[in-house]
1. I want to confirm something. Restricting to the range 385-419 and keeping residues that are open to solvent by 50 Å² or more (accessible area, probe 1.4 Å) and of a type in the set (A, V, I, L, M), which single residue is nearest to Gly233 (Cα to Cα)?
2. Take Thr420 and decide whether it is within 15 Å of the ligand (Cβ to nearest atom), β-branched (Val, Ile, Thr) and over 30 Å from Ile179 (Cβ atoms).
3. Within the range 450-503, work out how many residues are crowded, with 16+ Cβ neighbours inside 10 Å, farther than 25 Å from Leu538 by Cα and polar (S, T, N, Q).
4. Just for the range 315-333: of the residues that are free of Cβ contacts under 8 Å to residues at least 60 places away in the same chain and either basic (Lys, Arg) or within 25 Å of Ala231 (Cβ to Cβ) (or both), which one is surrounded by the most Cβ atoms within 10 Å (Cβ to Cβ)?
5. Considering only the range 155-197, how many residues are away from the ligand (no atom under 13 Å from the Cβ) and assigned to a loop (DSSP other than H, G, I, E, B)?
6. Scan the range 473-524 residue by residue and report those that are of a type in the set (Lys, Arg) and touching a residue at least 60 places away in the same chain (Cβ under 8 Å).
7. Quick test for you: out of Pro363, Pro332, Pro306, pick the one residue that is under 17 Å from the mean Cα position of the chain (by Cα) and either within 26 Å of Ala203 (Cα to Cα) or polar (S, T, N, Q) (or both).
8. Is there a residue in the range 379-395 that is over 30 Å from Arg108 (Cβ atoms), out of contact with any helix residue (DSSP H, G or I) (no Cβ under 9 Å at 6 or more places or on another chain) and free of Cβ contacts under 8 Å to residues at least 12 places away in the same chain?
Amino acid sequence: MLGRMMSFPLTLTHFLSRAAALFPDTEIVAVRPNKTLHRTTYGATVARAARLANALTRLGVKPGDRVATLCWNHEAHLEAYLAVPAMCAVVHTLNLRLHPSEIAYIARHAEDTVIIVDQSLLGLFEKFRAEVPSLRHVLVVPDAGGPAPEGTLDYERELAKERDTFDYPTLSEDQAAMICYTSGTTGNPKGVVYSHRSTVLHAMAACMADALGVSESDNILPVVPMFHAAAWGVPYAGFLSGAKLVMPGPHLDPASLVALMASERVTLAAGVPTIWIGILALLDKDPKAHDLSSVRSMVIGGSAAPPSLITGFAERHGLHVTHAWGMTETNPLGTLARLRRGMTALPAEAQLEKRASQGYAVPFVETRHVDEAGKVLPRDGATMGELEVRGPWVAASYFGGEGADRFTSDGWFKTGDVVTLDLHGYVKITDRSKDVIKSGGEWISSVALENALMSHPAVLEAAVFAGRHEKWDERPIAAVVWREGKSATDEELTAHLAKHFAKYWLPDAYVAVAQVPRTSTGKFLKSKLREQYGDLLLSKK
Ligand code: AMP
């Protein structure tokens, strides 16, 4: 027997109608390049989204066409997030931190027809524009003030020409809504095509109390860029809930972010560890200078949140960190590190171990880990294997059918993360598969060593990578960034690590660096460290 309930499509169109009906006065705040604050409302955003849909239709955008964005986090970017999918086109967020030739590759690959670009990013755009022949129109968001240059259209003028209602089509929930490309540190970036259904379900899951717990009473700050896996779905989760949205624009330095969090009474903010490491260092300098009493949770993901960061915020500033794991391919939220029932009774160290892990899967995401032959491994918290996931917001294939080897024949996605899984379902990443260190046939977890190094008082950041070794094949080398005015000897660092690890895990060498090289989405770029220092141990012989 079939159920007799309505088959109501899970589409982003509902986000618009709900916002207009229930939250017209809710505020959206965006920081401009000149640091002034622009304030608008959900009601105005819904109206402007309709104007954008009308303008894009006039410019010839057809169902399925890709409309690119090259923008900071602000209200116009949100308008594209809403209008483009709801009109049955596909919003394609371009990563402005990539090299122009990489952006050109991605825009060409997606066959973007229109681009919405911030005036403050026109310099970057001009570096690759000629390499994307599919682009028919360029809409310039005047975030920096001033006129749109020749050969482009002024976003505001185009919107002003249009009506503030749009007859959105009834869509299938399986229709594509957004394309995000992976950051592709190995090989070409690959396109992940989110559907309306995946995006809607992801937003609802993110709102669950044991996930991000987003509600109308939140003031949300997505520090994570809107070009990085839909800003982890945070803008959609916020918009669905009617939360106030605070968009940081291009100002992502610790001082600007802390000031914004304080002035807008932010309750929930999300970003990569680097951002929070900087913020913690700023708060530590002068704990009384900033009022972050409104903040209920700081979501950290994208790479591992060091335990010292979690305890640093909690113990010195009373601030709560929520550690989450995800990928572009998972829309992106996959697991989240909350304590399970009864775990608050565990000793503090055991609680921290859970909270600093990548956590357990959110509803409808399923996890397993496998060995090199694809055999499912025991959930014993010790056996390492590659994490595989499946679920309604996990990619089933890449745009253009590339990377087919990442999808198993029995319907799982191979994440490339090397993990342990425990009885309670907690995933613990020990490495990215391309970053694992194999010493004399044994795996050494670079993430575990990094976390321990970052708990040393002199170390601000640490990245551990494989150095080539004559006898052991590979041995760990640690790159460290000192805290301002501090340093330690190799012996001191080794003594610190020896408290936690077997002798063969201890790095063979340390290199002091001014900054750990990073990818375009703020992850440690260990391939660069390997390139630069990978032969250090050979030359030492
Ligand atoms: P991206 O698709 O650029 O978001 O990258 C996804 C990858 O980032 C994952 O496969 C992990 O290797 C890494 N990652 C994301 N979140 C975390 C986390 N909380 N801890 C450790 N690694 C993470």
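The values are calculated or read from the model by the stated rules, or taken from the named source; none is laboratory data. Predicted model, so just to flag it, every value in this text is computed and none were measured. FYI the Cβ positions are ideal-geometry reconstructions off the backbone, even for glycines, and counts take in every protein chain you see. Just so you know, the surface numbers come from the protein's heavy atoms only, side chains and all, with ligands and any DNA or RNA stripped out. Shrake-Rupley method; radii C 1.70, N 1.55, O 1.52, S 1.80 Å.
1. Out of the qualifying residues, it is Ala396.
2. Values: within 15 Å of the ligand (Cβ to nearest atom): yes; β-branched (Val, Ile, Thr): yes; over 30 Å from Ile179 (Cβ atoms): yes.
Against the criterion (within 15 Å of the ligand (Cβ to nearest atom), β-branched (Val, Ile, Thr) and over 30 Å from Ile179 (Cβ atoms)), Thr420 qualifies.
3. 2
4. Initially, the range 315-333 is screened for residues free of Cβ contacts under 8 Å to residues at least 60 places away in the same chain, giving 315-321, 323.
From what's left, either basic (Lys, Arg) or within 25 Å of Ala231 (Cβ to Cβ) (or both): 316-317, 319-321, 323.
Numbers: Arg316: 12, His317: 16, Leu319: 20, His320: 14, Val321: 23, His323: 25.
That would be His323.
5. The number of residues fulfilling the criteria is 17.
6. If the condition is that a residue be of a type in the set (Lys, Arg) and touching a residue at least 60 places away in the same chain (Cβ under 8 Å), then Arg475, Arg483, Arg518, Lys523 are the ones that fit.
7. Numbers: Pro363 fails: under 17 Å from the mean Cα position of the chain (by Cα); Pro306 fails: either within 26 Å of Ala203 (Cα to Cα) or polar (S, T, N, Q) (or both).
Going through Pro363, Pro332, Pro306 in turn, the sole match is Pro332.
8. No, there is no match, as no residue in the range 379-395 is over 30 Å from Arg108 (Cβ atoms), out of contact with any helix residue (DSSP H, G or I) (no Cβ under 9 Å at 6 or more places or on another chain) and free of Cβ contacts under 8 Å to residues at least 12 places away in the same chain.
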